[in-house]
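My questions will all concern the structure given below.
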Amino acid sequence: MRKGYQLSLGKITPTDELRSPIEFFINPDAEERRYLIEELKVDEHTLASALDPDEISRLEFEPKHVALIFKLPKSYSGNESLSFRVASAGAFLFADRLVVVATEDIQLFNGKPLARVTSFPGLFLKLISRSTLHFLDHLKIINALTDELETKINASMENHYLINLFGLEKSLVYYLNAINSNGAVIDKLRNYTAKIGFTVEEVELLDDILVENSQCYKQAEIYSNILASLMDARVSIVSNNLNILMKTLNIITIGIMVPTFVVSAFSMNVDLPFALKHNDLAFWIIMGLALLSTVLVTIIWRSQALMNKMGAIVRQAARFPRLTMKRGMKLIRPRPQVCENQDQPQVDARPVQDAKT
């Protein structure tokens, strides 16, 4: 698929010309590849690299054009997998035209970053800037999705949310590699500004792009480190939630087991003690015993939990020595006092007066 554009009054506008000054090929077919290779003299290997998502960014100088392979994020569709992927694109700068090749229809020639373009080298740089801004937009989306998944993981034990979190972490690794690869190409462009023919304004734009790409890489690195460091915490939260649920289920099971035992004992095919067999209140007596056993188990469990809690408080308090104590409004602090026997220092607990004079 081919799209044609032209520069008009500092803007990029579509055109129906057969050989337009700006050509954008989306996953070119055999005929379009033949045109690029035979007529425009684009290297076949370089063209294949522009369509390979695993290809690294690079800059090459051909006899009649400059070939740039750069990385850019694929359009995010908001699917269930929360997967962000990276694609490759190729920009071929000629003296009188600019040719761009990509695997999918990416909005490269729209938006504010491509406003006020007056030359093909300037547009050449704007494409890299647009790619960097696209990465930044996706990083904001990843950060928002991470916050949302945090809330869901804290409230749920489903593996689905953890899998999404793993997907985001994997996406950040791809983004870091792509942004770093673009940064190497931008550095190389900075060394060949005169050879390519950049103006002073375009060199300043290139410096701005270098700063933006560096900031983008730092931001992606921060998000990746935070996400990686918190993955263990997420797993621990899920494990803790599961332990709490199992504890609650065990308590319910034990609470039901005791009255069930009482009722089962009186349900055996033997004579009941205490002449309950002929007692009209036998059913209610048995139910009362079952209820009483439930109450006793609850009281024992509550008292045991209270004793454990009190024991934990006592053990925690025993860890801290009593260095200070209050007597009225005066603070008594232990003060070492030198005595005759240096091996046994004494402590003087005289009141320390306030600092007011």
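Using a simple spin-label model with points 7 Å from Cα along the Cα→Cβ vector, what separation in nm is obtained for Asn250 and Lys170?
Result for the modelled spin labels: 3.6 nm.
For the charge dipole of region 2-238, defined by +1 on Lys and Arg C-beta atoms and -1 on Asp and Glu C-beta atoms about the Cα centroid, which residue among Gly122, Leu136, Leu165 has the Cα displaced farthest towards the positive pole?
Of the listed residues, the answer is Gly122.
Work out the FRET efficiency for Ser229 and Asp187 from their Cβ-Cβ distance, taking R0 = 30 Å, and round it to the nearest 0.05.
Working: r = 30 Å, r/R0 = 0.99.
Efficiency computed from Cβ-Cβ geometry: 0.50.
Right, here's the next one. Need the full-extension length gain, Ser303 to Asn241, defined as separation in residues times 0.36 nm minus the C-alpha distance. One decimal, nm.
Residue separation times 0.36 nm, minus the Cα-Cα distance, leaves 19.9 nm.
Using the structure shown, list the pairs from Lys71/Lys218; Lys3/Lys140; Lys71/Lys195; Lys71/Lys170 with a Cα-Cα distance above 27 Å, or answer none. Before the final figure, lay out the partial values.
Details: Lys71/Lys218 17 Å; Lys3/Lys140 30 Å; Lys71/Lys195 23 Å; Lys71/Lys170 17 Å.
Result: Lys3/Lys140 exceed 27 Å.
All of the numbers you see were taken from the coordinates with simple rules; none came from a lab. Being a predicted model, the structure only gives us computed values, none of them experimental. Counting neighbours? That spans all protein chains shown, and the Cβs are built from the backbone with ideal geometry, glycine included.
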